[in-house]
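Worksheet: the structure to be examined is printed underneath.
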Amino acid sequence: MKRNRASMVGLFIFSVILASAVLADFIVPMSAALDQNMSERYLPPSRPHPFGTDLYGRDIFARVVHGARSSLLLGMSAVAVGITIGGILGASAGYFGGAADAVISRVLDTIMCVPFMLLALAIVASLGTGIVNVLIALMLAMVPYYTRVIRSAILNIVGMDFIEAAKACGVPSYRIILRHVLPNAIGPVIVQATMSVGTMIISAAAMSFLGMGIQPPSPEWGSMLSEGKDYMLKYPHMVIFPGMAITLTALSVNLMGDGLRDALDPKLRD
Amino acid sequence: MGRYVLKRVLLVVPTLLAIIFIVFGIMSLTPNNPAAVMLGPRASADAVAKLNSELGYDKPMLARYVDYVMNLARGDMGKSYNSRREVFKEITLRFPTTVKLATVSILVAVVIGVPLGVFAAVRQYSVFDVTGTAAAMFMASMPGFWFGMMAILLFSLKLGLLPSYGSKTPAHLILPSLTLAIPVAATIMRFTRTTMLETIRQDYVRTARAKGQTEGRVIINHALKNALLPVVTVAGMEFGWLLGGAVVIETLFSINGVGKLIIDSIHKKDVPQVTGCALFLAFFFMLVMLAVDILYAYIDPRIKARYQR
């Protein structure tokens, strides 16, 4: 990874965004992101307001910085929980094979017939709108994809001699899976996880854009775009900066994922 | 070959039943009181209970699922809670728009993505490869709806070339389909590049070169033909993402398709309409994947051989 310049750039951008999410309160106070100021509406970017102000006179820079929190939190926790569920399902399917594999694979194949975004929307439609339900929806909709990656990664390992040896020694299944199979199968899973943080952040923003996710006035990139949409022809700064923030975040995790994949996959090297 | 096609086509029925079960199951998680939605907050508890039992909502979920499937077989998806019109009719009115949008977009994505991917792989590490891959990475990281906004700002506002919303004329479809196509084109380009890089390192490509064939023939006849096989599957899968993306893009460009209908219905808690739209799009996606599988069987000699004996 060290040699791959692109992924180092990704790591750098991601660190900056992560740092601003963690240190948001020290960079610019939350009040600037929330307090309405009707005398300063629609201001273009300037020194006191580097990204301009929105329709309520709130500072867009402050909203972008504080919005990083919910986006990153949503993206990373959806991936973390989704991968845990997918890991358990995929590992059981790949390791035990037979009936367990057949049932899990058939069910998930069918679920994957419903396009990801549509599935997530159906879940939100049924649970109701709101940030937690969006999180649940994205997480569940992603599980089949994780399960598939983890299952095939496990299948590559299970046939190997050292697994047979562990079995012959009488090591219990859960221990073999946790100690011997997973650590060896983790490569492609990490790549998939990294890449999908980007997908999740974009999908979460899309959900908020559609009015399903975070409700105003909390600062969130997708809902900022949704608010700015009606005014963008006159005040384009309202949609340019939140969109840039989403793109840069997704780009940074994709660059890191790409670098990791190249580092782990010798087939693509010269 | 006919046997393979028949097997795949016969699988459609159980898959469809399973998809209906999943979508119907998810939608049944809703704290379900359709009569309360339909009659409004002032209705008496008796009236609500009566209408619920008329609609069959007091039955257990499995019984309702069977009813739904039986009705669906007659093209009846129930009535919308809000407009009281037939769900099926509402969808069929809007479906052609969504299909047009999605089909044009996937074609544009393939036409842009595949040649660029091949070229980038053939000239690996060249300026074109590096900038092209970087641009593709950037495009793939961009939320489609934001790309659409930027396209509206540029082409409608600054240049005044294209209309920014609605779907009346073909010109209205240019911006939305480009918006949908570009991120998919980026994904297809990146994928084509990767499979192409793997293929041109294979022994049979080296053999072809050793036989003294021209580079163009080696790339097109030997490498590309094999590298494109997985690309067909990915393009099919991307079609699913595209249908999901269409939901967002139709909302952004105010296009009256199934996607916009589903969003409007979610906001109105119109469960039959949401269920119907989701099923329709999922069924359409399933048909596309079926077509991809059959196409694959025809172009992949390995599958062909297995079923020819």
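Details
- Within a Gaussian network of chain B (alpha carbon springs, distance under 10 Å), most fluctuating of B:212, B:166, B:148: B:212
- The Cα atoms of the stretch A:65-134 cover 49, 23, 16 Å along the three principal axes, with the biggest extent listed first.
- Percent of C-alpha pairs per 5 Å bin, the stretch B:1-71, short to long: 3, 14, 19, 17, 13, 10, 7, 5, 4, 4, 2, 1, 0
- Rg and Dmax, both from the Cα atoms of the stretch B:231-309 and both in Å, are 16.8, 56.
- Pairwise Cα distances in the stretch B:166-309 exceed 23 Å in 54 percent of cases.
- The A-B contact accounts for roughly 4100 square angstrom of buried accessible surface, both chains included, probe 1.4 angstrom.
- Using a probe of 1.4 angstrom and keeping all protein chains present, the accessible surface of the protein assembly as shown works out to 46 square angstrom per residue.
- The stretch A:38-70 and the stretch A:87-131 have Cα centres separated by 40 Å.
- Applying the Kirkwood pairwise sum to the alpha-carbon positions of the stretch B:101-158 produces a hydrodynamic radius of 13.0 angstrom.
- Dividing the alpha-carbon radius of gyration of the stretch A:180-270 by the rule-of-thumb value 2.2 N^0.38 Å gives 1.43.
- Alpha-carbon centroids, the stretch A:192-214 and the stretch B:245-301: separation in whole Å: 19 Å
- Two-decimal log10 I(q)/I(0) for the stretch B:10-121, as the Debye equation yields it once each C-alpha is a single scatterer, q = 0.23 Å⁻¹: -1.33
- Acute angle (nearest 10 degrees) that the helix B:61-73 long axis makes with the longest principal axis of chain B, alpha-carbon atoms: 70 degrees
- Rule-of-thumb Rg ratio for the stretch B:142-236 [Cα; 2.2 N^0.38 Å; N residues]: 1.57
- The modelled label-to-label distance for the pair residue A:169/residue B:84, using points 7 Å beyond Cα in the direction of Cβ, is 7.4 nm.
- The string of couplings for the stretch B:190-200 from the Karplus curve (6.51, -1.76, 1.60, θ = phi - 60°) is 4, 5, 4, 4, 4, 5, 5, 4, 5, 5, 6 Hz, one whole number per residue in order, with x for Gly and Pro.
- Compared with the dominant principal axis of the Cα atoms in chain A, helix A:182-209 is inclined by about 30°.
- Comparing the full protein assembly with the isolated chain, the residues of the stretch A:235-264 losing at least 10 square angstrom of accessible surface (1.4 Å probe) are A:236, A:239, A:240, A:243, A:244, A:246, A:247, A:251, A:254, A:255, A:258, A:261.
- Residue-normalised convex hull volume from the C-alpha trace of the stretch B:59-185: 189 Å³ per residue.
- On a per residue basis, the convex hull of the C-alpha atoms belonging to chain B measures out at 168 Å³.
- Around residue B:294: net Lys/Arg minus Asp/Glu count, Cβ-Cβ under 13 Å: +2
- Percent of Cα-Cα distances greater than 18 Å, calculated over the stretch A:101-260: 69 percent
- Here the Karplus relation 6.51 cos²θ - 1.76 cosθ + 1.60, evaluated at θ = phi - 60°, turns the backbone of the stretch B:166-177 into coupling constants of x, 9, 6, 10, x, 4, 5, 8, 5, 5, x, 6 Hz, with x for every Gly and Pro.
- Of the solvent-accessible surface of the stretch A:151-219, computed with a 1.4 Å probe over protein heavy atoms with every protein chain present, carbon and sulfur atoms account for 61 percent.
- For chain A: relative contact order, % (alpha-carbon pairs under 8 angstrom, 6 or more apart): 26 percent
- Within the stretch A:153-202, the proportion of C-alpha pairs whose separation exceeds 19 Å stands at 38%.
- Protection proxy ranking, peptides A:245-258, B:112-125, A:25-38, average beta carbon neighbours within 10 Å, highest first: A:245-258, B:112-125, A:25-38
- Cα radius of gyration and Dmax for chain A (Å): 21.8, 76
- Taking Cα atoms only, the orientation of helix B:271-299 departs from the longest principal axis of chain B by about 30 degrees.
- Quick note on the stretch A:52-97: its Rg to Rh ratio, both from C-alpha atoms and Rh being the Kirkwood radius, is 1.43.
- Converting phi to 3J(HN,Hα) with the Karplus coefficients 6.51, -1.76 and 1.60 and the offset θ = phi - 60°, the stretch A:231-238 yields 10, 5, 5, 8, 10, x, 4, 5 Hz in sequence order, with x at every glycine or proline.
- Computed over the alpha carbons of the protein assembly as shown, Rg followed by Dmax gives 25.2, 86 Å.
- Amide hydrogen proximity for residue B:79: with H placed 1.01 Å from N in the peptide plane, the residues at 5 or more positions away or on another chain lying under 5 Å are B:87.
- Each part reduced to its alpha carbon centroid, the stretch B:180-206 and the stretch B:56-91 end up 44 Å apart.
- For chain B: relative contact order, % (alpha-carbon pairs under 8 angstrom, 6 or more apart): 24 percent
The values are calculated or read from the model by the stated rules, or taken from the named source; none is laboratory data. Since this is a predicted model, take the numbers as computed values, not measurements. We place every Cβ from the backbone using ideal geometry, glycine too, and count neighbours over all the protein chains shown. Each accessible area value is taken on the protein alone, full model and side chains, heavy atoms only, with ligands, DNA and RNA left out. Shrake-Rupley method; radii C 1.70, N 1.55, O 1.52, S 1.80 Å.
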